Each structure stands twice: as C-alpha cells, then as structure tokens.
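One structure is given here, and the rest of the page talks about it.
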Amino acid sequence: MTPAIQRPAWLISLPFFLLLLSPSVFAHGVDANTERFLLANQGVAIGPFLYIGAKHMVTGYDHLLFLIGVIFFLFRTRDVLIYVSLFTLGHSLTLLFGVLNNMAVNPFLIDAIIGLSIVYKGFDNLGGFRRLFGFQPNTKIAVMVFGLFHGFGLATKLQDFSLPQAELWKNLLAFNVGVEIGQFVALLFILIALDFWRRHKSFYTFSTATNTLLMTGGLILFGYQITGYLING
C-alpha cells in the first residue's frame, strides 16, 4: 500500500494518540477566566453560559472521543442523527436534573465511568461482544445510558462553583444549549474528516488500530480517575 493511501489514517488516528499523551489531557476542569466568572456571577447570564457550554464541549476530549466511537461506523446521516440525539437526550436530562436537584456525584467515579464509555464504544466497534461473549448489546440504549453519565459529569463540574439558585434554570438551559452548539460544531469537523478518510482503503485497514487507540485512551482515563478516587476520594 502506498504512503498516499495510508496518510489519511494518520490524519485521523494520530491526533487521538497525541491527545492522550498531552500533559493537559487530565486537566478536565475549566480555564482560569471561566472559573473567575462562575465564582463571581450572581445573576442570569445567557450569553456567557452559552459560550462556556460550547467551549466545554469543543474542548471536552472525553465527550468527543466517545462520540467519535459512536459515529465511526455510521455511514447514513439518519443513523448519525438518531445516535447523537440519544446521547444528547441522555446528557441533557442528567445535566439539568443533577444541578437543579443538587445531586452530588464523586467526580473521579463519574469520570471513570465516562472513560469506560470510550472503552465500550471502541470494543463494540471491534466486534468484541460478539467474538468474546456471543451477543450484541443494544447500541442505542447503551449510547443513551452513557449519555446520562456524561451529563452527570457536566453537572458535577458546575456544582463545584455553587451557582446562585435564583433563576438557575435559565443559566443551565443556556449552558446546555451551548453544549449542543459546541457538539454540533465538533461533530461537523469530525464527520468531514471521517468522510474524507472513508474514501480511502486505509479507513478499513486502520479502523482496528483507531478503535484500539480509543479503547486505550478510555482505559488511561479510567485508570487515572480511579487512582484519583483512591488517593483523594
């Protein structure tokens, strides 16, 4: 196989690998400016919360890795819309429910489960369930269930800032809409990259390696969060 055919695979998979090796990959909080705003904010701020939600999703490597796994083998627009909508419904429900009801979840444990969601999707894409266990879980239900956990992850991070309760739902709704905008933008670029890669034979040649990288990344995140829980939990 010529280098020209192989190159698209590295354009897709190498950034994932570099992301996992980045020293900032585990800094899953918010930047200093956002933290200052959230700590100081005392009222309804639709615009800023829209922006924060969008930025959090665009830079949320764990959410994006899971979504890459979800859409990796989805070739029809209808299927992409169904699966992404299920994920969106899941994380929207628990984001709003978790913050409004002040449901405290240990951040290390919830992020560990999010790491496992990435492992699950890579394993599922590799046909691991059928090969090892002889059955295939319902992928739609699994995506929505993991979406619930991703939403609790977002809720946990917002609860760190003790947001003012007066008209809190408005800020939360703005944040959630921002998350969906960020998700749409990120998915647009991911789908463009995948569509380009799928035109080359290397897509199938390197699909196993790419999904193995997804699993590896999820395991790294899981191990890091469990270690954090044992030390700090």
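Each label was represented as a point 7 Å from its Cα along the Cα-to-Cβ direction; for ALA32 and GLN165 these points are 3.4 nm apart. Seen through its C-alpha gyration tensor, with square-root eigenvalues sorted a ≥ b ≥ c, the stretch 157-233 comes out oblate because a/c lies at 1.5 or above while a/b is not bigger than b/c. Extension gain, ASN138 to LEU100, is 10.7 nm, computed as 0.36 nm per intervening residue step minus the present C-alpha separation. Computed over protein heavy atoms with a 1.4 Å probe, the carbon and sulfur contribution to the accessible area of the stretch 151-233 reaches 69%. When the chain is modelled as a GNM with alpha-carbon springs shorter than 10 Å, which of LYS55, LYS201, LYS121 fluctuates the most? Of the options given, LYS201 has the highest mean-square fluctuation. Within the chain, how many Lys pairs sit with Cα atoms under 30 Å apart, leaving out pairs fewer than 8 places apart on the same chain? Pairs that pass both the separation and distance tests number 11.
Take every Cα pair under 8 Å whose residues are at least 6 apart in sequence, average their separation, divide by the length of the chain, and the relative contact order is 40 percent.
Between VAL177 and ARG78, what is the spin-label point distance in nm, taking each point 7 Å from the Cα along the Cα→C-beta axis? Placing both labels 7 Å along Cα→Cβ, they lie 3.1 nm apart. Expressed as a whole percent, the accessible area of the stretch 28-131 that falls on carbon and sulfur atoms is 65 (1.4 Å probe). Between the beta carbons of LEU219 and ARG131, assuming R0 = 22 Å, the FRET efficiency works out to 0.75 to the nearest 0.05.
With springs only between Cα atoms under 10 Å, which of ALA193, ALA54, ALA112 fluctuates most in a Gaussian network model of the chain? Judging by the Gaussian network model, the answer is ALA193. Using the Cα coordinates of the chain, the gyration tensor eigenvalues translate into equivalent-ellipsoid semi-axes of 31, 19, 17 Å, sorted from longest to shortest.
The label point for THR208 and the one for PHE189, both projected 7 Å from the Cα toward the Cβ, are 3.1 nm apart. Averaged over its residues, the chain has an accessible area of 50 Å² per residue, based on protein heavy atoms and a 1.4 Å probe.
The values are calculated or read from the model by the stated rules, or taken from the named source; none is laboratory data. Note that this is a predicted model, so its numbers are computed, not measured. Don't worry about glycine lacking a Cβ; one is built from the backbone with ideal geometry, like all the others, and counts go over all protein chains shown. Each accessible area value is taken on the protein alone, full model and side chains, heavy atoms only, with ligands, DNA and RNA left out. Shrake-Rupley method; radii C 1.70, N 1.55, O 1.52, S 1.80 Å.
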